[in-house]
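The values are calculated or read from the model by the stated rules, or taken from the named source; none is laboratory data. Here the structure is a predicted model, which is why all the values come from computation and not from measurement. Every residue, glycine as well, gets a Cβ built from its backbone with ideal geometry; the counts of neighbours run over all protein chains shown. Side chains are part of the model used for accessible areas, which takes the heavy atoms of the whole protein and leaves out ligands, DNA and RNA. Shrake-Rupley method; radii C 1.70, N 1.55, O 1.52, S 1.80 Å.
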Amino acid sequence: MRAFCTFLITAGSLFLAGCGSTSATPPVSLTPPMPQILNAGETLNITAAVTNDPSKKGVSWSLSPSTGTLANETSTSVIYQAPDTVTGNFTVTVTAAAAADSSKTAPLVITVLAPGQGNLHPVSVENGPVAGELYLNFPLTSVLVCEHGTSICQVIGGILVDTGSSGLRILKSALNINLPPLTQSGGTVNNCISFVGQQFQWGEVAPADVYLAGESAIGISVQIIADPVGFTIPANCTNGGADADTQLVFPANGILGIGTEPTDCTFAGVNPCDPSSGSNPSLPYFVCFDGQGCAPTLLPQAQQVTNPIAAFAHDNNGSILEFPAVGTALPTVNGTLTFGINTQLNNALSNATVFAIGDDFFTTIFEGQPLTKSFIDSGSNELVFPNLTGIPGCSDGHSYCPASPIVLTAGNQGAQGVGTGSVTFQVDNFETEVAGNPEDAAFEYIAAGAEERTPCQNGQGDCMFDWGLPFFFGRKVFTSIDTEIVANQPKTPWWAY
Amino acid sequence: MDFPSARLNAGLGMVADTYMATVVYTMGGWRRLQVVLATLLVVFGTNIFASASLGGDLGSVHRDSIHVNVIPQTTNAERYTIYEMRISTGTHVREFISPSGVVFGVAWQGPFVPELQQFLGAYYYREYSVAIQSQKSNPFSRKPVHLRLADLAFENGGRVGAFYGRAYIPQAIPPAVAIAEIH
């Protein structure tokens, strides 16, 4: 029934009455109405109200998965008791079903936190959601996403953890809850993100409640990635590139963008998409009308596709992403995403070096050349750097394929001299490593950039050293968020490791 | 990969975009001019916006500037002239025009890659698009782009929200001008 309703709402928007209920009000409602967060051993009182229940039959309760217990069950209330011992955060759903009609239900999602893990979220480099499709070095996680203001939620796995972009983006094909888009003048608000390879993702901008560990981002806009039905994607979004709207092109269910900006239209603290900026409407927001097309539009910052961390009530100034060292290859590597920097005992900067970001980049000195557009990015699956040492390339024309492993050193320099340090890294033969480890997803020694290119001069040409996911293996990498404050540290944004 | 025919016709969509922008927002003078042009295009069924920029003449630079609603700043160098526009996305675009009046290079830097259909012109946009869509080795990699085609070089680097790149016609670069000058 629920899926049926969702379909009608999505397709027509005005046919809610066609869902089989004569009332738009759900017949069962719970208090509290929105997802709750508990610590180990804590209890939660839940009450249910049933409309159109003249014989006062009330509800029956169920718990899924059956972790923790339901106690003191009555036809109108129950107590959820979290286990006393919790070693990792988990989520359960308590469901109330109307006794008079068990098809009428209401869920309450409860996250139970392990001690000291309220700001910790697991991330794994593994094969991902597409069967038979092995994508190397994709750090994946799950997110709990709910219809705004409700406990109608979905845990969505296979989401790429990306310190190189900002905002949560979900393939519509992976979504089974209903997230209606924002509208302007009767048109839907849509968003466009493009990546360096000119792949793009298009989709509606929809408010949702996003829960990660014990943190919550309520009512933030997310992008629902899908091709439009009633109009075509504007040319300045497609820009001739590839549409990454399916798992065939983008082998994940979405992107958790936890980069250096609070929204996807904030650049060095300036938000040209916000109406207060006085800018002309432009990418990345459009208002679109079926049968007509799209026009660029302005959108208040609070409605823009938002870095969920920046919307947290606590621990909102950045994050730490860390993985153990991998070595040549492993089938799975488990890492941790920690929210906040210097906000709790477990996210202290301690002896990490801060590297200031100026004009979106820092500088990497490699083979004596300053590469002035360098950056750290968990969403890049290799190290990418120009071939300044004559390493043999692979047959794919991009990756490095040296005859034997090569150890190299490069130096990172933050903007305005904030942060210097050298990094030693290893480059192995991409083809033989991947072919020799066909079941593995995590590779520490793969790199690309082998093709002959133009030297970095005047800020054009080969100016970037992309410290992709292999850089995170065996490191804690801090990503602070622009306009947020980290006490006693330089102005954000910066990276630290 | 097939080149989607809808993309080739996107110029008409651009006109629709323009029309809709006028419905939703108040217009400046440049916008108004653009709308007049767009209306003419609809009336006459042609699309001068798709005419060449890269490889085009000074007139194509002006058409670009109308399209993005910005009056370009002009810099005269010894061997070429630069027309620079800061478009509404915040991206800076520079078009390089030779003494013989040919746009031989376009460079950009900013949050978004500029609208390539406009700045490359129909011919080079098609070449670029076919080439970039045929890059199958790794469909979602974040490696920078470096296309070397017979009569077009195309580069794009950076990261989401901070791109830099350029396109140029190697054969059209004036004598004694270095590629590094296209920035």
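What the table shows:
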item: Residues that are at pLDDT below 95, open to solvent by 70 Å² or more (accessible area, probe 1.4 Å) and hydroxyl-bearing (Ser, Thr, Tyr), drawn from the range A:40-82; result: A:SER55
item: Hits in the range A:238-253 - residues which are more than 10 Å from chain B (Cβ to nearest Cβ), crowded, with 20+ Cβ neighbours inside 10 Å and more than 14 Å from the chain's Cα centre (by Cα); result: A:ASP245
item: Index of the failed condition, A:GLY390 passing every other in (1) without any contact (Cβ under 8 Å) to a residue 24 or more places away in the chain; (2) over 23 Å from A:ASP462 (Cβ atoms); result: (2)
item: Subset of the range A:338-357 that is under 24 Å from the mean Cα position of the chain (by Cα) and assigned to a loop (DSSP other than H, G, I, E, B) - its residue that is surrounded by the most Cβ atoms within 10 Å (Cβ to Cβ); result: A:ILE341
item: Single unsatisfied condition, A:ASN137 versus (1) open to solvent by less than 10 Å² (accessible area, probe 1.4 Å); (2) at positive phi; (3) away from every other protein chain (no Cβ under 14 Å); result: (3)
item: All positions within the range A:364-402 that are β-branched (Val, Ile, Thr), away from chain B (no Cβ under 14 Å) and in a strand (DSSP E or B); result: A:ILE365
item: Single condition A:ILE233 does not satisfy, out of (1) surrounded by 24 or more Cβ atoms within 10 Å (Cβ to Cβ); (2) closer than 27 Å to A:ASP360 by Cα; result: (2)
item: Within the range A:431-470, tally of residues that are without any contact (Cβ under 8 Å) to a residue 40 or more places away in the chain and within 15 Å of A:SER374 (Cβ to Cβ); result: 2
item: Residue within the range A:123-132 that is within 23 Å of A:ASN45 (Cα to Cα) and not aliphatic (A, V, I, L, M) present; result: no
item: Hits in the range B:114-160 - residues which are touching a strand residue (DSSP E or B) at 6+ places or on another chain (Cβ under 6 Å), farther than 22 Å from B:SER100 by Cβ and either within 8 Å of another protein chain (Cβ to nearest Cβ) or surrounded by 24 or more Cβ atoms within 10 Å (Cβ to Cβ) (or both); result: B:PRO114, B:TYR128, B:LYS143, B:PRO144, B:VAL145, B:HIS146, B:PHE154, B:GLU155, B:ASN156, B:GLY157, B:GLY158, B:ARG159
item: A:VAL222 open to solvent by less than 10 Å² (accessible area, probe 1.4 Å), touching a Lys or Arg at 6+ places or on another chain (Cβ under 8 Å) and over 16 Å from B:PRO111 (Cβ atoms); result: yes
item: Test: A:LEU256 is in contact with a strand residue (DSSP E or B) (Cβ under 8 Å, 6 or more places away or on another chain), surrounded by 24 or more Cβ atoms within 10 Å (Cβ to Cβ) and at the interface with chain B (Cβ under 7 Å from one of its Cβ atoms); result: no
item: Any hit, the range A:333-348, residues being at pLDDT 95 or above and within 14 Å of another protein chain (Cβ to nearest Cβ); result: no
item: Qualifying residue in the range A:390-406 (condition: buried (at least 24 other Cβ atoms within 10 Å of the Cβ), at pLDDT below 95 and on the phi > 0 side of the Ramachandran plot); result: no
item: Residues of the range A:29-39 that turn out to be open to solvent by less than 30 Å² (accessible area, probe 1.4 Å) and part of a loop (DSSP other than H, G, I, E, B), as a count; result: 2
item: From A:ALA217, A:ALA208, A:ALA226, A:ALA235, residue being more than 30 Å from A:SER151 (Cβ to Cβ) and either away from every other protein chain (no Cβ under 14 Å) or small (Gly, Ala, Ser) (or both); result: A:ALA235
item: Residue within the range A:304-317 that is of a type in the set (S, T, N, Q) and surrounded by fewer than 19 Cβ atoms within 10 Å (Cβ to Cβ) present; result: no
item: Positions within the range B:65-96 being touching a residue at least 40 places away in the same chain (Cβ under 8 Å), farther than 24 Å from A:CYS265 by Cα and buried (at least 18 other Cβ atoms within 10 Å of the Cβ), in sequence order; result: B:TYR80, B:GLU95, B:PHE96
